[in-house]
Amino acid sequence: METLAQFGDGGPGPWILLFPVIWALVIGGGITLLRRTVWRGRRGPGRPTTVADDSPITVLGHRFASGEIDEDEYWRRLSVLDEQFGRTGRGGAA
């Protein structure tokens with residue numbers, strides 16, 4: 001019975017074991033590349049909105065970004081919301 005090491009008689013030799021290793025490395029590298037680039041984007045900024053994104057400050061930011069309010073109105077309303085929600089403290093404006 002021939003073994004892989006007896007490649008002198010026309011067998012494939014030990015090199016045949018290298019091909020599964022190469023394929024495993026290629027598949028593992030592809031999965032790693034996808035996890036670091038494409039699949040990571042699904043967990044990032046493009047995810048669907050959640051309950052936390054419905055805060056008044058976030059809604060105000062969306063209204064400013066869409067052009068519904070101008071910059072002066074944005075800053076005026078943001079200062080009121082900052083005082084109300086405690087980002088700068090309840091005692092006064094920063």
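The values are calculated or read from the model by the stated rules, or taken from the named source; none is laboratory data. The structure displayed is predicted, hence computed values, not measured ones. Because the Cβ atoms are built from the backbone with ideal geometry, glycine has one as well, and the counts that use them run over all protein chains shown. For the accessible areas, the whole protein counts, side chains as well, though only heavy atoms, and no ligand, DNA or RNA atoms are used. Shrake-Rupley method; radii C 1.70, N 1.55, O 1.52, S 1.80 Å.
V51 is checked against (1) modelled with pLDDT under 85; (2) open to solvent by less than 80 Å² (accessible area, probe 1.4 Å) and fails just one. What number does that condition carry?
Here V51 clears every test but (2).
So which pairs qualify, if the first residue must be in region 63-84 and on the phi < 0 side of the Ramachandran plot and free of Cβ contacts under 8 Å to residues at least 12 places away in the same chain, the second must be of a type in the set (S, T, Y) and surrounded by 13 or more Cβ atoms within 10 Å (Cβ to Cβ), the Cβ gap must be under 9 Å, and the two must be at least 6 apart or on different chains?
R63/Y74; F64/Y74
Can you pull out the residues in region 15-48 that are open to solvent by less than 80 Å² (accessible area, probe 1.4 Å) and modelled with pLDDT under 75?
Of everything in region 15-48, those that are open to solvent by less than 80 Å² (accessible area, probe 1.4 Å) and modelled with pLDDT under 75 turn out to be G41, G44, G46.
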